[in-house]
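Everything on this sheet refers to the single structure shown next.
The values are calculated or read from the model by the stated rules, or taken from the named source; none is laboratory data. From a predicted model like this one, the values you see are computed outputs, not experimental measurements. Quick reminder, even Gly has a Cβ in these numbers, built from the backbone with ideal geometry, and neighbours come from all protein chains shown.
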Amino acid sequence: MKVHLKTLGCRLNEAELETWAQAFQKSGHQITRQAESANLIVINSCAVTQDAARKSRHLIRKVHRENPAAKLVVSGCYATLNKEEAEQLLGVDLVVSNKDKDQLVELTLTELNLDTMPSMSTEPGAISLFTRGRQRAFVKVQDGCRYRCTFCIVTVARGEEKSRTVQEVVAEINALYQQNINEIILTGVHLGGYGSELGLNLVDLIKAILEQTDVPRIRLGSLEPWELNEEFYQLFDNPRIMPHLHLPLQSGSDAVLRRMARRCKTEEFADMVARLRRINPLFNITTDIIVGFPGETEEEWQESLEFIQQVGFGQLHIFTYSPREGTKAAALPNPVPESIKKQRSQQLHKLGDEMRLRFYEVNLGKQFRVLWEGYSESVGTDRQRVFGYTPNYLKVASVISKDKSLENKTTLAILKTVNDAYVLVEEAE
């Protein structure tokens, strides 16, 4: 059976896809990139915003329309929060809620009566990760969140916190490294809450990974800024821990942060960023910002803009606020008019682009070890442009001959020229 996997949303969804892909392969099935040729399609949906839920519905309909013969399984936050609606969508054969995600492959094979072919599970071939065209692996270490930010529906969709054991995570990373994966990204709904029910914390997990694995590049997914303690900063003394963190700020106004029930003030956030940059002046800090949160005044918006500019992020992920039923924020007074939200979003996108290019420029002339992806673009008849990432998560490109391959290799490169979407490099092997 050919299985095609699709996802919308966060890195945790990506990590879950990797897990399912390998489980399907162990059951004797083949992972395919071509949805049109698949016998089974699995969609990991998103519902972080109303727009994400709409995109999830659209993707489900599109997938069924393009391959009506395939069995269709839907999981993820949209499917969990809107189970009955998802079940009624044309072509959906099975909905698996977030609480049952760990059994998705087993449930799919059992409930849809899909025969397995065990003899295939021992056959050599490309592992699921590379079949899907990825050069790094997302490793899910925990699920659920104990906090209740007033805008967030994901904590409702994902449930209580649950962590994997250190042994499970280490074993998965070692297996991936044996399959020639050179970079892993630790992910979770509340990554910084790892181990709360196990008597452990994230630092304990990372120390174990450093001691018990040899994977050369370890990256961290999104972390709430209030989770960074003294031991955490010391982890970056080890060059295997990549100097990039995604720390969701959400707003640069303390008054708005209080209405969001965020646990970090702007002054504390600025101190964290300053400390990380003392460790490494080229440390890349990226963040999330919500535009137009209920009650956001013009004064608060300007205050937020000034703080964002003062910090100077490497990249902004910008979300225009939309009310979600089931969250406290949906009942807050003084909603911001759509026209003002749109105007503020445009203003912030402009600032975000300026800051991203500025950070690129600060890195010019520096030498980095770049992990190269498999994707390339043709440049003329005999040249190709290949892409990769620096340790501090800058996307870079290099033009090489078509008869050469850098896929999944790590080489030294000097950053030379800024492009709108990436930095051109000079190889320095």
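The set of residues in the range 23-36 that are touching a helix residue (DSSP H, G or I) at 6+ places or on another chain (Cβ under 9 Å) and either surrounded by fewer than 20 Cβ atoms within 10 Å (Cβ to Cβ) or not in a helix (DSSP H, G or I) (or both) comprises ALA23, LYS26, SER27, GLY28, HIS29, GLN30, ILE31, THR32, ARG33, ALA35, GLU36. Scanning the range 202-226 for residues that are surrounded by fewer than 18 Cβ atoms within 10 Å (Cβ to Cβ) and not aliphatic (A, V, I, L, M) gives ASP204, LYS207, GLU211, GLN212, ASP214, PRO216, TRP226. Of all the residues in the range 7-19, those that are within 11 Å of GLY76 (Cα to Cα), touching a Leu at 6+ places or on another chain (Cβ under 7 Å) and not aliphatic (A, V, I, L, M) number 1. Quick one: which of GLU168, GLU227 is without any contact (Cβ under 8 Å) to a residue 40 or more places away in the chain and within 22 Å of VAL48 (Cβ to Cβ)? Being without any contact (Cβ under 8 Å) to a residue 40 or more places away in the chain and within 22 Å of VAL48 (Cβ to Cβ) holds for just one of GLU168, GLU227, which is GLU227.
Could you check how many residues of the range 68-85 are surrounded by fewer than 19 Cβ atoms within 10 Å (Cβ to Cβ) and either part of a loop (DSSP other than H, G, I, E, B) or of a type in the set (Lys, Arg) (or both)?
At the first step, the residues of the range 68-85 found to be surrounded by fewer than 19 Cβ atoms within 10 Å (Cβ to Cβ) are 68-69, 83-85.
Now narrow it down to the ones that are either part of a loop (DSSP other than H, G, I, E, B) or of a type in the set (Lys, Arg) (or both): 68-69, 83.
Total meeting the criteria: 3.
Checked against (1) more than 27 Å from ARG258 (Cβ to Cβ); (2) in contact with a Gly (Cβ under 8 Å, 6 or more places away or on another chain), GLU224 passes all but condition (1). Checking the conditions here, which among LEU228, LEU249, LEU205, LEU198 is within 30 Å of TRP372 (Cβ to Cβ) and not basic (Lys, Arg)? Exactly one of LEU228, LEU249, LEU205, LEU198 is within 30 Å of TRP372 (Cβ to Cβ) and not basic (Lys, Arg), namely LEU205. The set of residues from the range 86-98 being free of Cβ contacts under 8 Å to residues at least 24 places away in the same chain and either surrounded by 21 or more Cβ atoms within 10 Å (Cβ to Cβ) or within 27 Å of GLU160 (Cβ to Cβ) (or both) comprises GLU87, LEU94, VAL95, VAL96, SER97.
For the range 30-44, check the following and say yes or no: at least one residue is under 30 Å from GLY292 (Cβ atoms), outside the structural domain of CYS152 (by TED's automatic domain parsing) and within 24 Å of the chain's Cα centre (by Cα). Yes, the conditions are met somewhere in the range 30-44.
Which of the residues that make up the range 1-22 are in a strand (DSSP E or B) and of a type in the set (Val, Ile, Thr)? Can you show your working first?
So in the range 1-22, the residues in a strand (DSSP E or B) come out as 2-7.
If the condition is that a residue be in a strand (DSSP E or B) and of a type in the set (Val, Ile, Thr), then VAL3, THR7 are the ones that fit.
Scan the range 388-398 and give yes if some residue there is in a helix (DSSP H, G or I), out of contact with any helix residue (DSSP H, G or I) (no Cβ under 7 Å at 6 or more places or on another chain), small (Gly, Ala, Ser) and within 20 Å of ILE285 (Cα to Cα), otherwise no. Spell out the reasoning first.
At the first step, the residues of the range 388-398 found to be in a helix (DSSP H, G or I) are none.
No, because not a single residue in the range 388-398 is in a helix (DSSP H, G or I), out of contact with any helix residue (DSSP H, G or I) (no Cβ under 7 Å at 6 or more places or on another chain), small (Gly, Ala, Ser) and within 20 Å of ILE285 (Cα to Cα).
LEU186 meets all of the listed conditions (1) crowded, with 21+ Cβ neighbours inside 10 Å; (2) more than 18 Å from ASN229 (Cβ to Cβ); (3) not small (Gly, Ala, Ser) but one, namely (2).
For the range 322-347, the tally of residues that are part of a loop (DSSP other than H, G, I, E, B), surrounded by 14 or more Cβ atoms within 10 Å (Cβ to Cβ) and more than 24 Å from the chain's Cα centre (by Cα) stands at 3.
Residues checked against (1) in contact with a Leu (Cβ under 8 Å, 6 or more places away or on another chain); (2) outside any helix (DSSP H, G or I); (3) closer than 30 Å to TYR360 by Cα; (4) modelled with pLDDT under 95:
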{"site": "VAL215", "(1), (2), (3), (4)": "yes, yes, yes, no"}
{"site": "ILE218", "(1), (2), (3), (4)": "yes, yes, yes, no"}
{"site": "TRP226", "(1), (2), (3), (4)": "no, no, yes, yes"}
{"site": "GLN234", "(1), (2), (3), (4)": "no, no, yes, no"}
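For the range 284-313, a residue qualifies if it is surrounded by fewer than 19 Cβ atoms within 10 Å (Cβ to Cβ), in contact (Cβ under 8 Å) with a residue 24 or more places away in the chain and part of a loop (DSSP other than H, G, I, E, B), and the qualifying residues are GLY295, GLY312.
One line per residue, one yes/no per condition, for (1) at pLDDT 95 or above; (2) more than 20 Å from CYS149 (Cα to Cα):
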| position | (1), (2) |
| --- | --- |
| ASP288 | no, no |
| GLN310 | yes, yes |
| GLN315 | no, yes |
| THR327 | no, no |
| ALA331 | no, no |
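Take ALA274 and decide whether it is aliphatic (A, V, I, L, M), out of contact with any strand residue (DSSP E or B) (no Cβ under 7 Å at 6 or more places or on another chain) and under 21 Å from GLU361 (Cβ atoms). Judged against the criteria, ALA274 is a match.
Residue-by-condition table, conditions (1) surrounded by 14 or more Cβ atoms within 10 Å (Cβ to Cβ); (2) modelled with pLDDT of 95 or more; (3) not acidic (Asp, Glu):
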residue: THR381; (1), (2), (3): no, no, yes
residue: GLN384; (1), (2), (3): yes, no, yes
residue: THR390; (1), (2), (3): yes, yes, yes
residue: LYS402; (1), (2), (3): no, no, yes
residue: LEU424; (1), (2), (3): yes, no, yes
residue: GLU429; (1), (2), (3): no, no, no
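Give the residue that is surrounded by the most Cβ atoms within 10 Å (Cβ to Cβ), with candidates limited to residues of the range 264-283 that are farther than 14 Å from PHE359 by Cβ and of a type in the set (Val, Ile, Thr). Among residues in the range 264-283 that are farther than 14 Å from PHE359 by Cβ and of a type in the set (Val, Ile, Thr), the one surrounded by the most Cβ atoms within 10 Å (Cβ to Cβ) is THR266.
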